[in-house]
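Colleague: Below you'll find the structure I mean.
The values are calculated or read from the model by the stated rules, or taken from the named source; none is laboratory data. Source: prediction; values computed, not measured. Note: ideal-geometry Cβ built from the backbone for every residue, glycine included; neighbour counts use all protein chains shown. What goes into the accessible areas is simple: the full protein's heavy atoms, side chains included, and nothing from ligands, DNA or RNA. Shrake-Rupley method; radii C 1.70, N 1.55, O 1.52, S 1.80 Å.
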Amino acid sequence: MSHPTEADELIALPATDGSTAALRNLYLVRFGFAVIWAGLLAGSASTLNPLSVTLLVVYPLFDLAAAVYDFRSSGVARRSVPLYVNMALSLLTAIGLAVAVGSGIPDALRVWGAWAITAGVVQLIVAIQRYRLGGQWAMILSGGISVLAGSSFIAMASGAKASLVSLSGYATLGGIFFLISAIRLHRNAARADR
């Protein structure tokens, strides 16, 4: 007879409120947004043009809206400081990108890279806090990758061929991690209902 591991017990624990369903739905919306955004940016990323500039600014604003929704739906029992930090970072990034695009792609990459690093750290913290909900290992991995990717964007900005194309891959990978977490949360909820 096998004994459940600690990881199995953590994954099987459902949330005590309706926040798991809201979080799952948020993750699904974030997946869809990231994939569509990445496709649009990939088609316009060779230069800073009205579409690519709009997309650059819209992404952190969407992240801000998602953090606000997350905060409102997660309940008062959840730790909210990282979500406040995420909201502030997203707003500052949108403003920073709106300014940086006037100087060119390298400065936009530097702002995006700094955001990816700091937002990745915040995502790690939030995912660790939510680990008992299940499905958070993908968010933990995503946060770590975001820190590494942000560093590469900053390094890329100093290169001769700075490009926005890599942001499409970054957004797509992040979207896939949101989808994986949404699926895991759904499976955990289904197990809890049995």
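Colleague: Is the stretch 91-105 home to any residue that is in contact with an Asp or Glu (Cβ under 7 Å, 6 or more places away or on another chain) and part of a helix (DSSP H, G or I)? Can you show your working first?
Modeller: First, pick out the residues of the stretch 91-105 that are in contact with an Asp or Glu (Cβ under 7 Å, 6 or more places away or on another chain): 100.
When the remaining residues are screened for being part of a helix (DSSP H, G or I), the result is 100.
For the stretch 91-105, residues in contact with an Asp or Glu (Cβ under 7 Å, 6 or more places away or on another chain) and part of a helix (DSSP H, G or I): present.
Colleague: Next question, about the same structure. Read through the list (1) under 23 Å from Ala65 (Cα atoms); (2) in a helix (DSSP H, G or I); (3) at pLDDT below 95, then give the number of the only condition that Val76 fails.
Modeller: (2)
Colleague: May I pose another question? Of all residues in the stretch 133-153, which are over 12 Å from the mean Cα position of the chain (by Cα) and surrounded by fewer than 18 Cβ atoms within 10 Å (Cβ to Cβ)?
Modeller: Within the stretch 133-153, Trp137, Leu148, Ser151, Ser152 meet the criteria.
Colleague: I'd like to check something: does the stretch 120-132 contain any residue that is more than 18 Å from the chain's Cα centre (by Cα), farther than 18 Å from Leu148 by Cα and open to solvent by 50 Å² or more (accessible area, probe 1.4 Å)?
Modeller: yes
Colleague: While we're looking at this one, here's another question. Restricting to the stretch 154-167, give me the number of residues that are open to solvent by less than 30 Å² (accessible area, probe 1.4 Å) and over 25 Å from Ala88 (Cβ atoms). Reasoning before the result, please.
Modeller: The first filter runs over the stretch 154-167 and keeps only residues open to solvent by less than 30 Å² (accessible area, probe 1.4 Å), leaving 157, 162, 164, 167.
So of that shortlist, the ones also over 25 Å from Ala88 (Cβ atoms) come out as 162.
Here the count works out to 1.
Colleague: Could you check, for the stretch 78-95, whether at least one of its residues is polar (S, T, N, Q) and under 19 Å from Lys161 (Cα atoms)?
Modeller: Kept after step one, since they are polar (S, T, N, Q), are these residues of the stretch 78-95: 80, 86, 90, 93.
Subset that is under 19 Å from Lys161 (Cα atoms): none.
Scanning the stretch 78-95 turns up no residue that is polar (S, T, N, Q) and under 19 Å from Lys161 (Cα atoms).
Colleague: What's the number of the condition Asp70 fails, among (1) among the charged types (D, E, K, R); (2) under 19 Å from Ala171 (Cβ atoms); (3) open to solvent by 20 Å² or more (accessible area, probe 1.4 Å); (4) modelled with pLDDT under 95?
Modeller: Among (1) among the charged types (D, E, K, R); (2) under 19 Å from Ala171 (Cβ atoms); (3) open to solvent by 20 Å² or more (accessible area, probe 1.4 Å); (4) modelled with pLDDT under 95, Asp70 violates only (3).
Colleague: Then there's this: Looking at (1) open to solvent by less than 40 Å² (accessible area, probe 1.4 Å); (2) at pLDDT 85 or above; (3) out of contact with any Leu (no Cβ under 9 Å at 6 or more places or on another chain), which is the only condition Ala189 fails?
Modeller: Condition not satisfied by Ala189: (2).
Colleague: Sticking with this structure for a sec: Do we find that Thr20 is surrounded by 17 or more Cβ atoms within 10 Å (Cβ to Cβ), within 23 Å of Ile183 (Cα to Cα) and either of a type in the set (Ser, Thr, Tyr) or in contact with a Cys (Cβ under 9 Å, 6 or more places away or on another chain) (or both) in this structure? Working first, answer last.
Modeller: Values: surrounded by 17 or more Cβ atoms within 10 Å (Cβ to Cβ): yes; within 23 Å of Ile183 (Cα to Cα): yes; either of a type in the set (Ser, Thr, Tyr) or in contact with a Cys (Cβ under 9 Å, 6 or more places away or on another chain) (or both): yes.
Judged against the criteria, Thr20 is a match.
Colleague: Next up: Give me the pairs, please: first residue somewhere in the stretch 100-127 and in contact (Cβ under 8 Å) with a residue 40 or more places away in the chain, second residue anywhere and open to solvent by 20 Å² or more (accessible area, probe 1.4 Å) and among the small types (Gly, Ala, Ser), beta-carbon distance under 6 Å, and either six or more positions apart or on two chains.
Modeller: Listed by first residue and then by second, the contacts come to Ile105/Ala162; Pro106/Ala162; Leu109/Ala162.
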